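Student: Before I ask anything, here is the structure I am working with.
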Amino acid sequence: MKRISIDPVTRIEGHLKIELSIEGGKIQSARSSGTLFRGLEATLSGRDPRDAGRITQRVCGVCPAAHAVASALALDDAFQIKKEIPKNGRLIRNLILGSNFIHSDLLHFYHLSSLDYLNPGDLAGLKSADPDLQDLETYLGTSDGAPFVPEYSGDYRLGGEVSVDIARDYLAALEIRKKAHQMVAIFGGKMPHNMGTVAGGVTKPPDIDSITKFRSRLEEIKEFVEQRYLPGVLEIADVYGDYFEIGQGVPDFLAYGGFYQDDFSKSHQKTEKGILGGALSLGSEEVEELQLEKITEKVTHSWYTEAGNGHPTKSKSQPDPDKEEAYSWVKAPRYYERPHEVGPAARMLINFRRGNELVRKELKVALNKTGLSVKQLPSVMGRHMARAVECLSIVKMMEEWINELRPGEPSLTQYELPKSGSGLGLTSAPRGALGHWLRVKDGRIENYQLVVPTTWNASPRDGKGTPGPIEEALIGTRVEEPDSPIEAARIVRSFDPCMACAVH
Ligand code: NFE
Ligand code: MG
C-alpha cells in the first residue's frame with residue numbers, strides 16, 4: 001500500500017490536503033482536509049446585522065458576490081422586506097453576481113485547471129514567433145529563464161496547435177476577467193467585495209451611462225465565452241474523452257436556485273428564469289423539491305465541538321483543534337443524511353431535468369458535439385463542460401436582465417432595523433449551493449451560519465463514515481503512475497474547490 005499526501009494542492013483557492021492510499025494501481029481510500037481555520041462565523045456574532053454583507057464577502061476574493069447576495073437575502077428575510085425589493089434591485093444583484101460567475105469560471109478553467117492538460121513545454125518552439133507566448137512560457141517556467149520542465153512529464157496529449165490556442169486564451173482570459181471585474185464595479189462600486197449589494201436591494205440605481213458601459217463589456221465577454229471558452233473546453237474534452245469516465249463521485253446532487261426574478265421565498269426552488277434548484281439522484285429522472293430542514297452538518301471528523309452538529313439554524317461553530325478523530329476544518333454537510341455534489345454539473349443536470357429551456361438548449365449543443373449523455377456531467381471533463389455551458393447560459397440571461405432595467409425607478413427599499421428576527425439566504429454560487437442562516441437578537445447577530453459549496457464538495461467523512469463527494473470521486477480511480485497521480489489532481493480540480501470558502 002502506497003500512501004501519498006498532496007499538501008497543499010496547488011492551483012486551487014485556499015489550503016487543501018489530499019491523502020491517498022494506492023494499491024494495485026488504484027486509489028483505495030482518500031481523505032480531503034481543509035487545513036486552515038478561518039472563524040468568520042464567530043466574527044459575525046454580536047455585530048450589527050448590516051455588517052454581514054461586508055464581512056461574509058471577506059470569506060473569499062473569488063466568489064464574494066455570491067456571499068453578498070446570500071447575506072442580502074438573509075437580511076431581507078430577517079428585516080421582513082423580502083417582498084419589497086424593487087425590480088431594479090433584483091436585476092442589478094443578478095448582474096453583479098453573473099459578472100462574478102464569469103470571472104470565476106474563466107479563472108478556474110484557464111488559470112487554475114488548464115495546466116493539468118497543457119504542457120507549457122509545447123510552446124517552446126514557438127518562442128520567437130509570438131512574444132506574448134514567450135512571456136507566458138517564461139512566467140510558467142523558472143525564474144532564471146531556463147525552459148519550463150514540468151515536474152510531471154507523462155500524460156500531456158494536446159500537442160502544439162491546441163496548446164497554442166489554449167495558451168493564447170489563457171492570456172486573453174486575463175483581460176476578459178478584468179472586464180468582468182469592471183462590470184461588478186459599475187454597479188457594485190468595486191471588486192472584490194462589492195459595496196452595492198445590500199439589504200433592500202442595491203445602492204446604485206441604473207442609469208444610461210452604467211447600462212451602456214456594462215452592456216459593451218458583456219458583448220465582448222459573450223464573444224469570448226461563445227467562441228473561445230466553450231470551444232476550448234470541448235477541444236480539451238475531445239483529446240481527454242476518457243475523463244468523462246473518471247472522477248464520478250456520489251450519486252446525489254443538490255442545487256439551490258439562483259438569479260431570482262421574483263420574491264426569493266416563492267422562487268428559491270423554482271424560478272421562471274435564472275437557475276432552478278432541487279435535489280436529484282443520478283438514477284432518477286425526477287428532480288425533488290428541496291426540504292430545507294433536511295440539511296444538516298456533521299462534525300464527527302471536523303475540528304469543532306459537538307455544538308457544530310445539526311441544522312444551521314441550531315448549530316454553532318466552536319473550534320476544537322485537539323479533537324482526536326478529526327482531520328479537517330471543513331464540516332460535513334448532508335441532505336437526508338447523505339453527501340451531495342453541488343456545482344455546475346449538479347446544476348446543469350438538475351436544470352436539464354427540470355426543463356430550464358435556455359440551459360437545455362445550450363447543453364444539447366455541447367452534448368451533441370461530444371456525443372455524451374447528460375448523465376456523464378458528473379465526471380472530470382463533464383464538470384468542466386457543465387461550467388462552460390452554464391457560463392454561456394448566464395451571459396445570455398444577463399443580456400435580458402440588462403434590457404429590463406428601468407432608469408429613473410428605485411433600486412432600494414427603506415426599512416426599520418428590527419430588534420429580533422431570523423433570515424435565510426440561498427443562492428447559486430459559481431461552485432454550487434450557498435446558504436446563509438441568520439438569527440438576530442437585541443438588534444445584534446446572535447448566530448450566523450454559512451454552509452458553502454466547497455463545504456459540501458470537500459467535506460470529510462460523516463458520523464457514519466461516509467466519505468464526502470471529492471473523497472468519493474477519488475476512491476476507486478486507476479492511476480498510471482502511483483508516484484505522480486495526475487488523475488487525482490485532475491479530479492480534485494474539476495470540482496473547483498475553494499477552501500477559503502469551505503472553512504470560512
Ligand atoms: Ni471561495 Fe465560493 C463559490 C462560495 S465556494 S469560491 O463559488 O460561496 O465554496
Ligand atoms: Mg459554516
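Since every read-out is calculated from the coordinates, none of them should be taken as a lab result. Remember, it's a predicted structure, so these values are computed and weren't measured experimentally. We place every Cβ from the backbone using ideal geometry, glycine too, and count neighbours over all the protein chains shown.
Student: Report the calculated FRET efficiency for residue 3 and residue 403 (r = Cβ-Cβ distance, R0 = 45 Å), to the nearest 0.05.
Tutor: Here the calculated transfer efficiency is 0.20.
Student: Taking the Cα centre as origin and putting +1 on Lys and Arg beta-carbons and -1 on Asp and Glu beta-carbons, what dipole magnitude results for the chain, to the nearest 20 debye?
Tutor: 1440 debye
Student: Starting at 0 and stepping by 5 Å, how many percent of the alpha carbon pairs of segment 235-375 end up in each bin?
Tutor: 2, 9, 15, 16, 16, 14, 12, 9, 5, 2, 0
Student: Using the per-residue mean of other Cβ atoms lying within 10 Å as a proxy for protection, in what order, highest first, do the peptides 426-439, 324-337 fall?
Tutor: 426-439, 324-337
Student: So what's the gap between the Cα centers of segment 211-229 and segment 319-393, to the nearest angstrom?
Tutor: 25 Å
Student: Where does each of 187, 352 land when they are ranked from fewest to most other beta-carbon atoms within 10 angstrom?
Tutor: Arranged by neighbour count, lowest to highest, 187, 352 become 352, 187.
Student: Whole Å is fine, so just give me how far the alpha carbon centre of segment 479-504 lies from that of segment 429-462.
Tutor: If you average the Cα positions of each part, the centres end up 23 Å apart.
Student: Scaled to the compact-protein estimate 2.2 N^0.38 Å, what is the alpha-carbon radius of gyration of segment 1-53, rounded to two decimal places?
Tutor: 1.78
Student: Helix-only estimate, please: 222 nm mean residue ellipticity of the chain, summing -39500 (n - 2.57) across DSSP H runs of length 4 or more and dividing by its residues, to the nearest 500. Each step should come with its number before you reach the end.
Tutor: Values: 16 runs with 191 residues, N = 504.
After summing the helix terms and dividing by residue count, I get -11500 deg cm²/dmol.
Student: Using the count of nearby Cβ atoms within 10 Å as a rough guide to exposure, how do 379, 484 rank from fewest to most?
Tutor: 484, 379
Student: Of 96, 75, 32, which is farthest on the positive side of the dipole of segment 21-102, counting Cα position, with +1 on Lys and Arg Cβ, -1 on Asp and Glu Cβ, and the Cα centre as origin?
Tutor: About the Cα centre, the residue reaching furthest to the positive side is 96.
Student: Are there trypsin sites (Lys or Arg not before Pro) in segment 1-67 that DSSP puts in a loop and that have at most 16 other Cβ atoms within 10 Å, and which ones?
Tutor: Qualifying residues, ordered by number: 11, 47.
Student: Can you tell me how the chain classifies by the Cα gyration tensor, rounded, prolate or oblate, using a/c under 1.5 as the rounded cut?
Tutor: Working: a/c = 1.65, a/b = 1.20, b/c = 1.38.
It is oblate, given that a/c is not under 1.5 and a/b is not larger than b/c.
Student: Using only alpha-carbon positions, what ratio does the radius of gyration of segment 360-504 give when scaled by 2.2 N^0.38 Å?
Tutor: In units of the globular-protein estimate, segment 360-504 measures up at 1.41.
Student: Could you tell me which residue out of 221, 185, 248 lies farthest along the dipole of segment 183-262 toward its positive end? Charges go on the beta carbon: Lys and Arg +1, Asp and Glu -1, centred on the Cα centre.
Tutor: So the residue we want is 185.
Student: Any idea what Rg and Dmax come out to for segment 188-259 if you just take the C-alpha atoms, in Å?
Tutor: 19.0, 49
Student: Check the straight Cα-Cα distances from residue 375 and name the lysines below 22 Å, setting aside those fewer than 8 residues away within the same chain.
Tutor: Once the sequence-local lysines are set aside, what remains near residue 375 is 270, 361, 364.
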